[in-house]
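Have a look at the structure below before the remarks.
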Amino acid sequence: MLLVALLSTSWTWAAVSATSGSAGLQQNDKKHVSGIVTDKSGAPVPGASVMIPGTTTGTVTGADGRYALDVPAGTRVLEVGSLGYATVQVTLGSASVYNVSLKEDSTLLQESVAIGYGTMKKTEVASAISSVKEENFVKTPGANAADLIKGKVPGLVVNNPDGNPVSSTQISLRGATTLKASTAPLVLIDGIPGSLDQVSPDDIQSIDVLKDGSAAAIYGTRGTNGVIIITTKNVQGELPTTVDVNVYASTQQITRAPQYMTAAEYRQLGQGHVGFHDDGASVNWLDEVTRTPISQIYNINLKGGTKQTNYVASFEYRGMQGIMKMSNNNMMFPRIEVTHRMFDNKIKINASVNGFRMKYHNGNDGGPFDTAVWNNINYNPTTPIYQPDGSYSENTGITDYYNPVSLLNETKGNTEATMLRMMGAVTFTPIVGLDFKALLSSNVFNRIQGHYETHAHSYNARTPKNGFASRGTYRGQQDLMELTAQWQSTFAQDHHYTVLAGYSYLRNESQNYWMQNSGFAVDSYEYNNIGAGTQINSGYKSGYMNMSSDKGEDSLIGFFGRVNYNYKGRYMLSGSFRREGSTKFGENYKWGNFWSASAAWNVKEEAFLKDSDMISALKLRVGYGETGTEPSSRYMSLNTLSFGTNAYFNGGFNQTLMPNKNANPSLRWERKHEWNVGLDFGLVDDRVTGTIDWYNRKTLDLLWDYTVATPPYIYNSMTANAGSILNTGIEVGVSVDVIREKNFTWNSSMNYSHNRNELLSLSNDQFQASDYSDQGSTGEPMQQSTHRLQVGQPLGNFWGFKSVDIDNTGHWIIEGEDGQPKSINDQQPTDKQVLGNGIPSHYLNWNNTLRWKNLDFSLNMRGAFGFQILNLTAMKWATPTMMTRGNVLKSAFDKVYGKAVLADDQPCQYVSYYVEDGDYWKIDNVTLGYTFNFKSKNIRSIRLFTTLRNVATITGYTGIDPEVSVTGLTPGADSYYRYPATRSYTFGVSFKF
Amino acid sequence: MKKIFLAISIACAFAFTACTDLTEQVYSSLTQSSYQYSQTDLRPVISACYTPMRSYQSHTGLWAMDNTTTDVLVMPPNSTGWDDGGRYRRMHYHTWNSEQGEISSAWNATWRGIGLCNNALKQMEDNQLNLDSGTQAAAIAELRALRAFYYYIVMDNWGDAPLVTEPTQELPAKTSRTEIYNFVVKELNEAIPALSDVQGGAQYGLMNKWAAYALLARTYINAEVYTGTAHWQDCISACDAIINSGKFQLSENFRDNFLADQAACASNKEIIFAIPFSQSFATGFSLHLFSWGAPIRQKFKISATPWGSGSAMAIPQFIDTFDPDDSRLDDSFLHGVQYQYGTTKPIKCIYDAINGEYPDLAYTKEIQSGNFNMEWEGYRMNKFEVLPNTPGSLDNDQPIFRYAEILLMKAESLLRSGQSGAGALVTQVRQRDFKNNPEKAVVTDDQLKENSSYKYGYYLEDYGKSLKEGDTSPIQFGRLYDEYKWEFVWEFGNRTRCIRFGVFTKKNWLSHEAKGEGVAVYPIPESALTPNPNLEQNPNYK
């Protein structure tokens, strides 16, 4: 009977209002009941529903937790429930006042979860969905939404490879399922597609992750990488205005600084090596380009409302500094959402406006950070920053050798962006259980950037452009229309079902322009007078003057439906279907079908377990679903021509006209078939709860740039669907209430995931492609691919020469194809072999939350195991030969294999010596807080807290931080261009009014 | 349920005109299906077929296959850390295999050229552009001759290979080298009558009649290598067609052929066919970057820094063959002390500080070995004019056929077919190079029959210490072979001649040891072989 209430999406709570009388009942048969609903501490629970089961008669409690209701005479039972509390049945007698105490629904299994186009009680979910509520978020202020659930969801890997305040978090779910298509999960913010950094973490109420195919199939071609459903803070029912204010300040330090020689060490160790040159000064270039950053965040959040109208408004400012000088990000997140119910709650209107404003330093032409700044901390430590005449020291002869202080100081630039997310929705509920909803939304993103490199800029010292300016702007728009209808009902008392059908139309459009000019008389215009440069008069010149623009659009159209059925909450069945088409698909395949089916058996509801105290929850699940991934770019299937490449004719260079790729009218989505088997359990009154999932996901029709035969094709690759990848894995999550006392609680949760990945094929009948493909680049001066994709092997294999020894003179000895040692001078591509793999095969997370009276403490630890890291920094800068190009790491003069130092004439080589074990265990987040509660009318509480992030790492890896990029086709490659990873210290105060 | 669909349908109808329309709206590119071709597209369509050639000029493309594999140039690694996985050295050692990037780059560019020609020919044959019959015939002739050029590259570098003459998606099998040879000869002979006979100017850089004859001569002179049957007289006829046209003459100065001046190149009477480049509009000619090394930037005051890998340099034994009075030595190579632009101030080395000091840059003839060199070792490129402020890409054009080669090819054909007159032709080419010693320019038929003056032998390290002399048998017409190298070092065709004169597969030089006949053709790249089961790898590389 609780089903109707709990299955409803949040707004249907309100549909049961006191004024909507049940048909067929006479006025004089009514009885008046009233009371107060409280939680276990005695505090009133506002917005709780009080209703007669199986009818539409009911009401919600007011701000004081009180309710009053006329019920038909003879009504025996009232049901009282609220989100986050277990529903209670109250047996009515002759009395007219019934006070109800609600028990907090502390266990995960009792929660409702978002399932896409609706919510569902956790106990009735048959697929793999993880739900994290606000109180369980990782308390990391200043990060994005992904950080809130870092280490909380088994199988979801959240990675922060760098400390750049503008860069996003990396996310991957259940292994690498694709080669070329996007690996990003679909992120829905209150049902509208977006991204994890588009919403302020302080506005988020819960994050649900649809992990398996049976859960995600309702999202068709966007479902393969999982779906992250973000629900922002909201209120239902009568609530006095409450205000939350949060203030944070934080600073950072580099996790571990790379050990380049100091000037003194350079003079001592470098002496006698080719390239050693003492310029007389002593400079620590790392100190010159980094700083102790201060970031601050201010967040204010207010909410309230009446029975009919609720509102939420919030505003956040974040002023973030990065550890690299100049690097920053200033953001504002405004948000307003209003919900209104009318015509006896038959109509609900919901509208919201939110978004952000963003402004950050433009460190390079088009991006926040010029990687050359970091790469040039190997500048000769004896070279002064400035010459006696005040100009920067420059050496324009050495490749990629720029005075990093000049790069920082002589770059002017800003990127300013605005995101506006607008949404309006109307829900029509003609009868209880039947809802029609129409949702319209439009997201508009505008970005403008300006960038200027002065006459004194290091790039201009090398390539004299006399000042270089660029301006660009981008506008993106996403329009969404979604129409859904849902019917939920019960027949023969114990059979509960929900039927959903819908239509979705999504259109994306983007427009872009960019211009560059150089040859400025003065620096004072910066980028604000781009026409003042003289290069435009001489016409286009690559790297000096350019102008470009483009526009594109795509649409995604879907028809979908879902049926959920359960019998007595014991046996659950659910099935979904989506028929989806995309403009990106080739004309031979415009539409695809995606479906899923899942079943669950809630053993706990069986008679033999129902009364067991030992086993408090037990559910078995099995699900199968097909999802897709659409091509990441538009127009890929079309036979496009380009007027572009110039040729000499008619007395000059003129544009030619030619096809610019091999067209593929059969281009379509990748298909993923996924099986998921799971078990949810609770022991000893749910003191121990847990989830175990096993999955097998196979991606077919992999999108890839397949090598095609030339001849007959003009271009040797074609974007097509052919190969397949298999991922299998297991996820285990266990949560234990170690201590559950009134004044002392300790929850300890641990989760583990393991994934095994294999590239099954890179061919099909049409494409007999090679069974391998080399990926990534070491960059100069090695110029080698770092990884090899190989059929029968996992993704992420490092592919290079296996060093086995070093000769007495300091030259590498590698293992030849025949297994015999040979000189590196005789290297052949065929000598290369698998040197390791960059994707961790095991992840372990351990989260602890302790509360003693008003003191709270949390400790989150994370580890990744079973992978290697390619230390590119060492490959390039731990070699004496690179003394010719500036400073090198101290370790360049360590004996290799304990035998000999690398020779001055040993060029840099991609050998296995630089592939290191990456296993790590991190104390990732430590938070200590104290809450002062007040009985005052003006203020409810103040919480003071401090958070340390990325506190300590146990690892054998010798680079900056073993938490390197593990997504894409080149996982585990730790580039010398990487913005350094940091440790952060935060202090904050939260006020609740 | 009815209600639901009704609601959806109504909402659709109001909100969007078509709720299932998935037509792609294209804004900033063109699609084949929607583009309407017209007569104005003639040159853009035909000239597009020339553009793949530009990628030949690369240290990781056909240029390397043609030069650093021979006895004239080498690219050893150096102290800047650069080795790029040993790829440049493998070209010198002749230890490439089917994964060598240079070879796949040239293969892909060549077949793209052929594919574009086949497409364009189909368009012309179908008269998609609505041309008058004269224009149509000329367009078809030009495309056939251009396609023949690409097939010449295929035949020369890979031997047996596919022969595809129309747009198709069928996977081709191999055709014998002889058949491709016959195809090239037939196509050129059939195309020539309809080709333009204008020299230079508007026809500069295009496959006109003279370019076609030059290609025909180059094909005939190698006929014995390609088919086993010599065609010396046919080569002489093709050369004579050019010589007797009266449209060509040798430039007064050797370096006039290598100017950074498009107009001068277009009116040059010696250049028969070239690949035009531009520092802004047609980039990719970066010979200065990959030969010079960073310090030379100061000598020419250019605005780009030559690459740390800058290492294409003369093999010492080759420099030894030069007559000291031959001005082509200076005109082709930077050697000795190098000075800053417009001064007599020596340039300092940039990378190789020795004992804490950067020595003056003075290029030595000697190179440590093919495995390593110091910053100052090896003679560098001085053939192409480089103007101040030149960026990373040159404005110069890459000559493919010069009149000098026509004269030398005719001389060779006369020599090889036992006719007289070769000496006079070679003398004609040499005259501009011995302006101060005109008598030294004179060379006789008999002198051309002498052995090469190149001291072949394998020097593992320390130049001058010959460890493996290898094959020391005399080279027939070796002196003429030397003449070609003095004239054409840094250009294309060096490998072809190295094979024709029996050097490529038999002799040792610097750190290179002869690898036998198998390497006379390159392997078919792995990337072309795997997707096409009908294609068989060349014998040496199976």
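The values are calculated or read from the model by the stated rules, or taken from the named source; none is laboratory data. Everything numeric here is computed off the predicted structure, so don't read it as measured data. When we count neighbours, we look across all protein chains shown, and the Cβ atoms used for this are built from the backbone with ideal geometry, even at glycine. To get the accessible areas, we keep the full protein, side chains included, count just its heavy atoms, and leave off ligands, DNA and RNA. Shrake-Rupley method; radii C 1.70, N 1.55, O 1.52, S 1.80 Å.
Once both labels are positioned 7 Å from their Cα atoms along Cα-to-Cβ, the gap between residue A:306 and residue B:244 label points is 10.7 nm.
Positive end of the dipole of chain A (Cβ unit charges, origin at the Cα centre): among A:209, A:528, A:33, the Cα lying farthest that way belongs to A:33.
Quotient of the Cα radius of gyration of region B:135-211 and 2.2 N^0.38 Å, N being its number of residues: 1.18. Taking a span of 30 Å or more along the helix axis (Cα atoms) and a mean Kyte-Doolittle hydropathy of at least 0.0 as the rule, the DSSP H helices of chain B that qualify are B:133-158. Net charge of the neighbourhood of residue A:70, taken over other residues with C-beta under 9 Å away and scored Lys/Arg +1, Asp/Glu -1, is +2.
If you take all other residues with their beta carbon under 10 Å from the beta carbon of residue B:406, and give Lys and Arg +1 and Asp and Glu -1, the sum is 0. Simple spin-label estimate for residue A:492 and residue B:431 gives 11.1 nm between the two label positions (7 Å along the Cα-to-Cβ direction from each Cα).
So if each residue of separation counts as 0.36 nm, and I subtract the Cα-Cα distance between residue A:854 and residue A:31, what length gain in nm does that give?
In short, 291.9 nm is gained.
What separates the Cα centres of region A:509-530 and region A:131-147 is a distance of 40 Å.
The heavy atoms of residue A:31 offer some 60 square angstrom of accessible surface to a 1.4 angstrom probe.
Under the shape rule built on the C-alpha gyration tensor, where the axes satisfy a ≥ b ≥ c, region A:122-252 is oblate, since a/c reaches at least 1.5 while a/b does not exceed b/c.
Between residue A:642 and residue A:808, the FRET efficiency from the beta-carbon distance, with R0 = 41 Å, is close to 0.15. Per-residue accessible area (protein heavy atoms, 1.4 Å probe) orders A:697, A:668 as A:668, A:697, starting from the largest.
Can you give the relative contact order of region B:287-381 as a percent, counting alpha carbon pairs under 8 Å and 6+ residues apart? Computed over region B:287-381, the figure is 30 percent. Calculated mean residue ellipticity at 222 nm for chain B: -11000 deg cm²/dmol, from DSSP H runs with n ≥ 4 weighted as -39500 (n - 2.57), summed, divided by the residue count and rounded to 500. Rounded, prolate or oblate for chain B? Axes are the square roots of the Cα gyration tensor eigenvalues, ordered a ≥ b ≥ c, and the cut-off for rounded is a/c under 1.5. Verdict is prolate for chain B. Relative to the compact-globule estimate of 2.2 N^0.38 Å, the Cα radius of gyration of region B:287-381 comes out at 1.05.
Simple spin-label estimate for residue B:237 and residue A:291 gives 8.0 nm between the two label positions (7 Å along the Cα-to-Cβ direction from each Cα). Given the pairs A:233/A:742; B:301/B:435; A:211/A:610; A:346/A:604, which are separated by over 32 angstrom at their Cα positions? Long pairs (Cα-Cα over 32 Å): A:346/A:604.
Sorting A:496, A:273 by solvent-accessible area of protein heavy atoms yields A:273, A:496, largest first, with a 1.4 Å probe. Inter-part distance, region A:732-752 to region B:467-512, computed on C-alpha centroids, equals 80 Å. Need one word for region A:195-332: rounded, prolate or oblate. Basis is the Cα gyration tensor (sqrt eigenvalues a ≥ b ≥ c); a/c below 1.5 gives rounded, then a/b vs b/c decides. It comes out oblate by the Cα gyration axes. Taking every alpha-carbon pair under 8 Å whose residues sit at least 6 apart, chain A reaches a relative contact order of 11 percent.
Each of A:773, A:936 has its accessible area taken with a 1.4 Å probe; listed largest first, they run A:936, A:773.
What relative contact order, as a whole-number percentage, does region A:366-462 give when Cα pairs under 8 Å and 6 or more residues apart are counted?
Relative contact order, region A:366-462: 30 percent.
Rolling a 1.4 Å probe across all protein chains gives residue A:653 an accessible area of roughly 40 Å².
Contour minus end-to-end for residue A:771 and residue A:692, with contour as 0.36 nm per residue of separation and end-to-end as the Cα-Cα distance?
Using 0.36 nm per residue and subtracting the Cα-Cα distance, I get 24.9 nm.
Counting only DSSP beta bridges with both residues in chain A, the antiparallel share comes to about 95 percent.
Could you tell me which of the pairs B:209/B:383; A:325/A:412; B:468/B:506 are separated by over 22 angstrom between their Cα atoms in the structure shown?
Pairs exceeding 22 Å: B:209/B:383.
Three principal axis extents of the protein assembly as shown based on alpha-carbon atoms, in descending order, are 134, 77, 63 Å. Counting only DSSP beta bridges whose two residues both lie in chain B, roughly 90 percent are antiparallel. The Cα center of region B:55-119 and the Cα center of region A:345-419 differ in position by 37 Å. In chain A, the DSSP-assigned H stretches of four residues or longer account for a calculated mean residue ellipticity at 222 nm of -1000 deg cm²/dmol, using -39500 (n - 2.57) per stretch and the full residue count as denominator. The simple Förster model, with R0 at 22 Å and r as the Cβ-Cβ distance, assigns residue B:537 and residue B:186 a FRET efficiency of 0.20.
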